[in-house]
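Each remark here refers to the structure printed beneath this line.
Please treat every number below as a calculation from the coordinates, not as lab data. Predicted, not measured: the structure shown is a model, and the values here were computed from it. Counting neighbours? That spans all protein chains shown, and the Cβs are built from the backbone with ideal geometry, glycine included.
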Amino acid sequence: MDAGEIAGKPLEMTLLHHVPGVSSPRVLLVGAGKPEKFDPAEMRKLAGAAVRRLKSIGVKSIALEIGPEHASGDFAGAAVEGAILGDFEPDRYKTSDDKKSLDSVAVVAPEGADLDDAVERGRIVAEAQNYARGLVNEPANRLTPSLVAEAARALAGEYGLECEVLDRTRMEELQMGALLGVAQGSAEPPVLIVLRYRPSQAASSAHLGLVGKGVTFDSGGISIKPSEGMEKMKYDMAGGAAMLGAMRALAQIRPAITVTAFIPCVENMPGGRAQRPGDIVAAMSGKTIEVINTDAEGRLILADALVYARKQGCTHLVDAATLTGAIVVALGHLNVGLFANDDAMRDRVLQAARGSGERTWPMPLEDDYKEYLKSAFADLANVGGRWGGAITAAIFLKEFAEETPWVHLDIAGTAWLDESKPYLAKGPTGIPVRTLVRLAEEWKE
Ligand code: BES
Ligand code: ZN
Ligand code: ZN
């Protein structure tokens, strides 16, 4: 430091060998930036960057030293999360055998600090997030809607959740015309996955419903997408994967609130039986929809899932969906777009997002926008005009959430990282698993 080589800039790294008095052969110093700006979110990045640097040189086991000034649950938990998230690689289908991954991460706490619970929670949450990332990264030929259902069943078996899978016949009985319309263009049958977590002792009468968009591939359907970049549309089930990840964590953390996940899963394809622009479908609530654009399929499947979630007794709803390109125009890749029909619910989710370090920004949702969805032939159209596309998509969903306090998270810009960061691999991010877990944990009447 005296020589000016180490300034302590954020994520600046200096690798030392054979430090006198230290038994480890290497010590990695990582810059943390200005002390007053160093918070758990920075700690998460720091740990991730350290892990990625060390595993790139073949290190298998590391110890993270937490200084006395950061010996709190928030910092320690974030460090563990960062380390585990940084270790994730989307390389499942690479056959080379020089794949790098850590075997162990230890946390070294200052004398007297009891960080065990925070460390354990961090591990559970980050592993759940990596589980979601793994699902999102699966290509559509290897993760069809039926296989997502199988994954949900396996998850339920492993962690003690209840799982129910509604098939096409059941959806027909329930008159889920919007969901079925999207599914009809694909050879792959649709499913609606229901995963239930019941606490041993509920502290509140609230029943939180988590609804996730599970489009295993979005070709656009008859309103087909341009081929450039279409391969990325395997990530159109990131909302659904996040719900599975959140349920996996909640089953282990066991907060005192009832939580049920609903994941409508379909493949949006332009097959011979595909729905056409101009088709009119009726959602489970009875509302009719003119399908102007078959590429606006997420809102159609979510409409039926939201209605079903309410019928199942959910008192509060959060959905997450890679819903619109327009949210990327509005917020770039840095913030999740948040829409709400209820101020208290909005504040709950914003607070959970802030605590989890998943940046989230509130968007407007005024009734005046409903005009944009007018249809001459049905109750509403599935797309608005050219402008405010993320808002009109949210307004569409609001018609099906009705009076139930509800938050919609548009994660189209944040569920996938196009370029790797020092602390995170390229590809699926697993957003908003941490926000959802925290929301359930922090729930108060
Ligand atoms: N899955 C897409 C949204 C999307 C776009 C996700 C880019 C991730 C990255 C969604 O189903 C879609 O196609 N939306 C259309 C809506 C339009 C037809 C009103 C869009 O955003 O272009
Ligand atoms: Zn689409
Ligand atoms: Zn889509």
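Each peptide in 176-189, 358-371, 115-128 gets a packing score, the mean of other Cβ atoms within 10 Å over its residues, and the list from highest to lowest is 176-189, 115-128, 358-371. Relative protection proxy for 251-260, 158-167, from highest mean packing down: 251-260, 158-167 (other beta-carbon atoms within 10 angstrom).
A convex hull fitted around the alpha carbon atoms of the chain yields 157 Å³ per residue.
Full extension of the chain between Val27 and Gln201 yields a length gain of 58.0 nm, computed as 0.36 nm times the residue separation minus the alpha carbon distance.
Gain on full extension, evaluated as 0.36 nm per residue between Leu334 and Lys34 minus their Cα-Cα distance, stands at 105.8 nm. Most simply put, the chain has about 50% antiparallel DSSP beta bridges, counting only bridges with both residues inside it. The angle between the Cα long axis of helix 343-356 and the longest principal axis of the Cα atoms of the chain comes to about 30 degrees, rounded to the nearest 10. Extending 7 Å from the Cα toward the beta-carbon at both Leu16 and Glu419 defines two label points whose distance is 3.2 nm. With the simple spin-label model, which puts each label point 7 Å out from Cα in the Cβ direction, the Arg254 to Glu158 separation comes to 1.9 nm. Judged by the mean number of other Cβ atoms found within 10 Å, the most tightly packed of the peptides 81-93, 271-283, 372-384 leads the ranking 81-93, 372-384, 271-283.
For the Cα trace of the stretch 186-293, dividing Rg by the Kirkwood Rh returns an Rg/Rh value of 1.08.
Rounded to two decimals, the Cα-based Rg/Rh of the stretch 1-160, with Kirkwood Rh, is 1.03. For the Cα atoms of the chain, what angle does the longest principal axis make with the long axis of helix 238-253, in degrees from 0 to 90, nearest 10? Between the helix axis and the principal axis of the chain, the angle is about 60 degrees.
The stretch between Asp116 and Asn293, if pulled fully straight at 0.36 nm per residue, gains 58.6 nm over its current Cα-Cα span.
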